[in-house]
Amino acid sequence: MKRVFVIVLDSCGIGFEPDAADFGDVGADTLRTCSQSPKFAMPNLISMGLGNLDGVDYLPKTGKPTAALARLQELSRGKDTTIGHWEIAGIVSPEPLPTFPHGFPEEVLRPFREQTGRGVLCNLPYSGTEVIKDYGREHVQTGDLIVYTSADSVFQIAAHESVVPPEQLYDDCRIARKILTGKYGVGRVIARPFEGEWPYTRTSRRHDFSLEPPAKTMLDAIVEAGQDMIAVGKIHDIFAGRGMTEFTYTSGNTDGLAKTLQIADRDFTGLCFVNLVDFDMLYGHRNDAVAYAKALNEFSARLDDFISKMRDDDVLFITADHGCDPSTPSTDHSREYVPLLVYGKRVKPVNLGTKPTYAYIAKTICDMLGVENSLAGESLKSELLR
């Protein structure tokens with residue numbers, strides 16, 4: 001193989017895992033919830049075999065799927081973006097990243113205040129849209145930074161762009177990133193700029209500052225082998241900029257798909273790794289099942305354009321990194337299985353059942369590209385390719 005594409009439908013889980021009770025997620029099923037909306041339509045993925053996956057008993061099955069398919073279980077102890085993508089890239093995390101359900105301790109906040117020169121507001125788990133409603137006016141009046149977290153391993157900083165310009169907010173996030181190490185080593189520090197008048201609107205200038213992966217990933221292995229590793233969307237931030245030859249940010253799913261289509265027109269050798277964040281950020285976390293379903297519909301429709309650009313020896317992997325069921329009372333991620341659809345002219349349309357880790361993706365891709373590695377998981381190359 002010469003070109004491999006991985007598209008992550010961020011948060012598109014397909015049913016709660018056996019240990020979901022440990023995470024408070026029994027009953028979660030993101031795709032099932034979205035499928036109940038009248039706006040849901042994914043004919044391309046259903047023809048690939050989406051409805052044939054283990055546990056997906058609410059979508060039509062096809063007698064002749066056009067893709068290989070598997071249901072993947074997360075082996076890492078987590079349900080967040082960072083750990084999910086790390087596992088896709090071949091690292092299993094036996095310990096979850098730290099979370100702070102009661103806010104961050106003074107050992108973190110004191111040096112943060114001293115080094116930024118600003119006070120701190122909130123310091124609690126909070127919805128990102130609600131926190132700027134409740135603390136935004138006080139922030140504008142005082143200049144203090146709104147610091148909050150969630151059920152995920154994140155340290156989020158919200159600030160009005162007229163009070164703290166985005167570049168300054170990014171510098172404040174870099175300060176927090178250096179402080180948040182060891183037992184306080186959260187997966188991501190996230191800049192959350194907002195604008196306008198109360199109740200305020202979040203802008204598209206979000207930026208994530210991630211913890212570096214603790215070991216070499218699929219991305220590192222591909223680059224070390226002298227091949228291309230092109231990151232689209234959040235991939236650069238999730239892997240702290242490591243293990244890539246090129247990256248481009250996106251303003252959302254539509255932009256991410258457009259940029260992926262542009263890359264498909266190019267000649268390269270290696271991997272194009274894409275994250276489509278709107279499913280999670282705009283719809284899952286906001287419990288908007290209808291908009292989530294519409295976004296899945298858009299992805300399915302645009303897939304025709306991508307497939308038309310695929311070459312004879314290209315392979316496409318479509319998967320997810322966790323769940324975020326918009327029907328549950330929680331607005332947080334959910335511990336769910338994820339789909340794996342593998343498409344290409346050389347790919348056999350086999351159903352591989354359920355596999356025990358997302359890391360099978362990394363191992364398989366490296367095997368397809370002829371890249372040596374010591375990643376977790378097993379290669380499915382021999383089962384997938386004609």
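Of note:
- If you look at the Cα atoms of segment 54-118, you get an Rg and a Dmax of 20.5, 63 Å.
- Between helix 166-179 and the chain there is an angle of about 90 degrees, using the helix long axis and the longest principal axis of the Cα atoms.
- In summary, the aspartates and glutamates within cross-link reach of Lys2, defined as a Cα separation below 18 angstrom excluding same-chain residues under 8 places away, comprise Asp220, Glu224, Asp228, Glu246, Asp265, Asp267, Asp312, Asp313, Asp314, Asp367, Glu372.
- Surface per residue (accessible, 1.4 Å probe) for segment 1-157, Å²: 38
- Derived scalar couplings between HN and Hα for segment 320-332 equal 8, 10, 4, x, 7, 5, x, 9, 8, x, 6, 9, 9 Hz in order, rounded to whole Hz, by the Karplus curve 6.51 cos²θ - 1.76 cosθ + 1.60 (θ = phi - 60°), x for Gly and Pro.
- Label point at Asp313 placed 7 Å out along Cα→Cβ; residues across segment 201-230 whose backbone nitrogen lies under 20 Å: 222-230
- Dimensions of segment 310-386 along the principal axes, based on C-alpha atoms and rounded to the nearest Å, stand at 45, 28, 21, largest first.
- In segment 191-266, Cα pairs under 8 Å separated by at least six residues give a relative contact order of 24 percent.
- Equivalent ellipsoid semi-axes, segment 252-347, via Cα gyration tensor eigenvalues times 5, rooted, Å: 28, 14, 11
- Stretch gain in nm, segment Thr201-His102, where the contour uses 0.36 nm per residue and the Cα spacing is subtracted: 33.0 nm
- Close amide-amide hydrogen proximity is noted between Gly49 and Thr66, each under 5 Å apart and 5 or more residues distant or on a separate chain (H modeled in the peptide plane; Pro and chain starts excluded).
- Carbon plus sulfur fraction of accessible area for the chain, probe 1.4 Å, in percent: 49
- Potential lengthening of the chain between Glu138 and Glu298 amounts to 53.7 nm, from the contour at 0.36 nm per residue minus the alpha-carbon distance.
- In the chain, the DSSP-assigned H stretches of four residues or longer account for a calculated mean residue ellipticity at 222 nm of -9000 deg cm²/dmol, using -39500 (n - 2.57) per stretch and the full residue count as denominator.
- The packing ranking, built from the mean of other Cβ atoms within 10 Å per residue, places the peptides 8-18, 280-290, 59-69 in the order 8-18, 280-290, 59-69, highest first.
- Reachable aspartates and glutamates from Lys39, criterion Cα separation under 15 angstrom, eight or more residues apart if same chain: Asp288, Glu298
- Using every pair of separate Cα atoms, the Kirkwood estimate puts the hydrodynamic radius of segment 122-231 at 15.2 angstrom.
- Under-5 Å amide H pairs with Leu124, H placed in peptide plane, nonlocal only: Thr149
- Two-decimal Rg/Rh across segment 97-139, once Rg and the Kirkwood Rh are taken from alpha-carbon atoms: 0.99
- In order along segment 250-266, phi translates into HN-Hα couplings of 10, 9, x, 4, 4, 5, x, 5, 4, 5, 5, 5, 5, 5, 5, 7, 9 Hz, rounded to whole numbers, per the Karplus curve 6.51 cos²θ - 1.76 cosθ + 1.60 with θ = phi - 60° and x for Gly and Pro.
- Computed with a 1.4 Å probe over protein heavy atoms only, the accessible surface of segment 168-210 comes to 44 Å² per residue.
- In order along segment 225-235, phi translates into HN-Hα couplings of 7, x, 9, 7, 9, 9, 9, 10, x, 6, 4 Hz, rounded to whole numbers, per the Karplus curve 6.51 cos²θ - 1.76 cosθ + 1.60 with θ = phi - 60° and x for Gly and Pro.
- Under a 5 Å amide H cut-off, with hydrogens placed 1.01 Å from N, Ala159 pairs with Arg192, Phe194 among residues at least 5 apart or on other chains.
- Label of the coordinate-derived value, log10 I(q)/I(0) by the Debye sum over Cα atoms at q = 0.08, 0.13 Å⁻¹, listed as (1) -0.73, -1.23; (2) -0.39, -1.04; (3) -0.52, -1.17: (2)
- Under the simplified labelling scheme, the Ala258-Lys2 pair shows an inter-label distance of 2.8 nm, with each label point 7 Å from Cα along Cα→Cβ.
- Translational diffusion coefficient of segment 1-146 (Stokes-Einstein, Kirkwood radius from Cα pairs, 20 °C, 1.002 mPa s): 111 µm²/s.
- Two-decimal Rg/Rh across segment 2-61, once Rg and the Kirkwood Rh are taken from alpha-carbon atoms: 1.02
The values are calculated or read from the model by the stated rules, or taken from the named source; none is laboratory data. Everything numeric in this text was worked out from a predicted model, so none of it was measured. Don't worry about glycine lacking a Cβ; one is built from the backbone with ideal geometry, like all the others, and counts go over all protein chains shown. SASA here: full protein model, heavy atoms, side chains in, ligands and nucleic acids out. Shrake-Rupley method; radii C 1.70, N 1.55, O 1.52, S 1.80 Å.
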